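Here the structure comes first, spelled out in structure tokens, and everything after it is commentary.
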Amino acid sequence: MRNFYSAYWWIFLLRGIFALVLGLLAIVWPGATFTTLIVFLGAYLFIAGVFAVVGAIAARRTAENWGMFLLSGLMGIILGILTLYNPFATGAALIFLVGFWAMLAGIFEIIIAIRLRALITGEGWYIAGGLLSILFGILLLSNPETAAITLTWLFGFYAVISGVMLISLSFRLRKK
């Protein structure tokens, strides 16, 4: 008797082909891919917001925190509309958010490494990783347009590798 994964090997194949095609598109057309991903984000925020509002209204008599769900849903709808209205502004905001996050994460990595000096050896590598995170954040903030292309390429290479691995897995599962 075949197991579930062997019986549905073709699902892994389709996922792999989709990831491979998406990755190649991201590498070949990074600007269009980044914009498309931002538009999908806007659509997702809007649709998820609508469902959250509907759910909050439906649960207003049974859930005491329904107002928070309503507020969350309304924020999702507003952010979705703003993203769909101006995807470039959302993309720029996303780049700045990732840049500031990388710098903050780097600072925390350095602080943690210094605090762990008494417990571990080789904390210098953790400090170096923190410095690289800070440098990455600075590079993102210094040139957002290049950052968008670079992040899209990174996504593309990840998707290509993931797609090839899924396709390979599907053929191995098919043989079982």
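Judged by the gyration tensor of its Cα atoms, with axes a ≥ b ≥ c, region 1-71 is oblate; a/c meets the 1.5 cut and b/c is at least as large as a/b. Dipole size of the chain about its Cα centre, with +1 on Lys/Arg Cβ and -1 on Asp/Glu Cβ: approximately 880 debye, rounded to the nearest 20.
How much of the accessible area of the chain, probe 1.4 Å, is carbon plus sulfur, in whole percent?
Details: 9180 of 12030 Å².
In the chain, the share of accessible area belonging to carbon and sulfur is 76 percent.
Highest mean first, how do 90-100, 119-129 rank when packing is the count of other Cβ atoms within 10 Å averaged over residues? Please list the in-between numbers first.
Numbers: 90-100: 17.4, 119-129: 12.2.
Peptide ranking by packing, descending: 90-100, 119-129.
Computed from phi, the 3J(HN,Hα) profile of region 10-26 under the Karplus parametrisation 6.51, -1.76, 1.60 (θ = phi - 60°) reads 5, 5, 5, 5, 5, 4, x, 5, 4, 4, 4, 5, 4, x, 5, 4, 5 Hz, with x in place of Gly and Pro.
Among 20-26, 164-170, sorting by the average number of other beta carbon atoms lying within 10 angstrom of each residue, highest first, gives 20-26, 164-170.
Let me know the shape class of region 20-127, please: from the alpha-carbon gyration tensor, a ≥ b ≥ c as square roots of the eigenvalues, rounded when a/c is under 1.5, otherwise prolate if a/b is greater than b/c, or oblate. Oblate, because a/c is 1.5 or more while a/b does not exceed b/c. Accessible area per residue for region 1-137 is 69 Å², calculated with a 1.4 Å probe on protein heavy atoms, without ligands, DNA or RNA. Measuring nothing but how far apart in sequence close Cα pairs (under 8 Å, 6+ apart) lie, relative to its length, the chain scores a relative contact order of 40 percent.
The values are calculated or read from the model by the stated rules, or taken from the named source; none is laboratory data. None of these values were measured; they are calculated from a predicted model. With ideal geometry, Cβ positions are generated from the backbone for all residues, glycine too; neighbour counts draw on all protein chains shown. The protein model used for the area step is the full one, side chains on, heavy atoms only, and it has no ligands, DNA or RNA in it. Shrake-Rupley method; radii C 1.70, N 1.55, O 1.52, S 1.80 Å.
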